[in-house]
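Each remark here refers to the structure printed beneath this line.
The values are calculated or read from the model by the stated rules, or taken from the named source; none is laboratory data. Since we're looking at a predicted model, the values are computed, not measured. For neighbour counting, all protein chains shown are included, and Cβ atoms are generated from backbone atoms with ideal geometry for every residue, glycine included. Each accessible area value is taken on the protein alone, full model and side chains, heavy atoms only, with ligands, DNA and RNA left out. Shrake-Rupley method; radii C 1.70, N 1.55, O 1.52, S 1.80 Å.
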Amino acid sequence: MGLLDNLAKRFNATVPPTDQEAIAAYKERAYSFEDDFTSGDKLTKSKALKSSAVYASVRVISQAISGLPLTVKKYDGANQIIDYSHPIYKLFNYAPNNVQSCVEFKELMLTDLLLDGNFYAVIKKDRRMNPTALFRLPAESMTIIKTGLDKVEYTYMPTAQDGKAMKPILYSADDILHIKGQSLDGYIGISPLLFGEAMIKTDIETRQYSLSFIENGAHFNGYLQANAPLKKEQIDSIAKAWQKSYSGAKKTNKTPIIPSNLEFKQRSLTPAQAQLIESAQFGIGDIARLFGVPPHLIGDLQRSTNNNIEQQSREFLQYTLGPWLSKIEAEITRKLLREREKQNVVIDFDTRSYLRATAADRAAYYNTLFNLGALTPNEIRSQEGLNPVENGDTPFVQVNLARLDQAGIIEETEVGDSEEKVSNSK
């Protein structure tokens, strides 16, 4: 199967003519990846999550974004005002529907994007075309139908209920919030699992080998040799007894008792086996690179120090979370804002909480902006979670600076004023 055949399965020109054919097509398109570079079982989302590095990468990114508030800002002249009553603000900061909280919804959104490369949600609107609810649709049940050069529709196959197949549901493009990952055709996103299948399967199988090595007893790596031929029943009985008595990490230090007609032949661990076990640590770095996550965030601290972890965390926000946030903001703007709102409404995730440094660094930051007149005392207090104070909305600026070409004039003026004051005092 070609590398991109999985994508073609989920991009059809027409809807299957019968319900049975539709069901078969959707089942065939069940989420899995297989290409010419790997062999064995197909990699599914549930199998991929058995890799601790994959699970940790998905968890770190999805939880980091799910906790960010989404702001809806309206332009009032040159000023930006947060519209707390806007329907989009309520959907992404309170609840998108009656089943999920906003945090759960955003976390699921990123989980779908990272594992499938696509997130779909059906948009419910009122008579004024304001969005009132968002309901997530499983990516593996969605098909994109191209109806023109710049037009697409979506079909959704509901899960069968009580053994009864459900009919596909057709949605227009305006009714589906579709956020895509990296795409090759602009219509459907590509999952990182598609290109990372080999390293993910290697990581899982390497750890399974290590587990099997431990469970089977690392100290007794060898075989039993009989001094005389044995029947199959005897071999099975000896193997079962040995497995029960000496296999497993908790039993590796027990002293084996071997019958006189058997001899234990020790077999040392080969360099290839030892290297395979040690290579599990390198798989973490490969998978972290696949998802764009700093290794220290998923437990790999080999190359991390107290000096560079802060820098890596900032790079995580800029190069990992930033592109995902931009994709989400753009799709929300395109699908959830009314046309007349797109001119003066800005959708933006507030990432200031992730840029908060130490108390000393924040104090220096606030002090610089305050002295420039860029922040008022109440704006600083608001960013620190403090209540406003009276007369705290007035900006201040230092006045002991002057333009270079006016420095001499100002100095002469100050000297003249000083001499006049001295003369008057006399």
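Any residue in the stretch 56-67 that is in contact (Cβ under 8 Å) with a residue 12 or more places away in the chain sitting within a Cβ distance under 6 Å of a residue that is crowded, with 21+ Cβ neighbours inside 10 Å and not in a helix (DSSP H, G or I)? List the pairs, counting only those 6 or more apart or interchain. From residues that are in contact (Cβ under 8 Å) with a residue 12 or more places away in the chain, the pairs are Ser57/Val293; Val60/Val293. Number of residues in the stretch 81-95 that are more than 16 Å from Phe105 (Cβ to Cβ) and open to solvent by 90 Å² or more (accessible area, probe 1.4 Å): the value is 1. Counted as qualifying within the stretch 340-426 are the helices (runs of 4 or more DSSP H) with 1 or more residues that are at pLDDT 75 or above and among the charged types (D, E, K, R), namely 359-371, 377-383. If you filter the stretch 96-139 down to residues that are touching a Pro at 6+ places or on another chain (Cβ under 7 Å) and farther than 18 Å from Ile169 by Cβ, you find that the one that is surrounded by the most Cβ atoms within 10 Å (Cβ to Cβ) is Leu114.
Filter the stretch 102-125 down to the residues that are within 22 Å of Val293 (Cα to Cα) and of a type outside the set (D, E, K, R) and list them by number.
From the stretch 102-125, those within 22 Å of Val293 (Cα to Cα) are 103-119; that's our starting set.
Matches in the stretch 102-125: Val103, Phe105, Leu108, Met109, Leu110, Thr111, Leu113, Leu114, Leu115, Gly117, Asn118, Phe119.
Of all residues in the stretch 43-73, those that are in contact with a strand residue (DSSP E or B) (Cβ under 7 Å, 6 or more places away or on another chain) and either within 13 Å of Asp203 (Cα to Cα) or open to solvent by 10 Å² or more (accessible area, probe 1.4 Å) (or both) total 3. In the stretch 139-155, the residues that are farther than 13 Å from Phe119 by Cα reach residues that are surrounded by fewer than 20 Cβ atoms within 10 Å (Cβ to Cβ) and of a type in the set (D, E, K, R) with C-beta atoms within less than 6 angstrom, at least six apart or across chains, in these pairs: Ile145/Glu153; Thr147/Glu153; Val152/Lys146.
Restricting to the stretch 118-138, name every residue that is under 14 Å from Ile328 (Cβ atoms) and touching a residue at least 60 places away in the same chain (Cβ under 8 Å). Even if it seems obvious, please write down each step before you answer.
Of the stretch 118-138, the ones under 14 Å from Ile328 (Cβ atoms) are 118-121, 134, 136.
Answer for the stretch 118-138, where residues must be under 14 Å from Ile328 (Cβ atoms) and touching a residue at least 60 places away in the same chain (Cβ under 8 Å): Asn118, Phe119.
Pairing residues of the stretch 185-196 that are modelled with pLDDT under 85 with residues that are surrounded by fewer than 23 Cβ atoms within 10 Å (Cβ to Cβ) and assigned to a helix (DSSP H, G or I), at Cβ distances under 6 Å and at least 6 apart in sequence or on separate chains, gives Gly196/Leu290.
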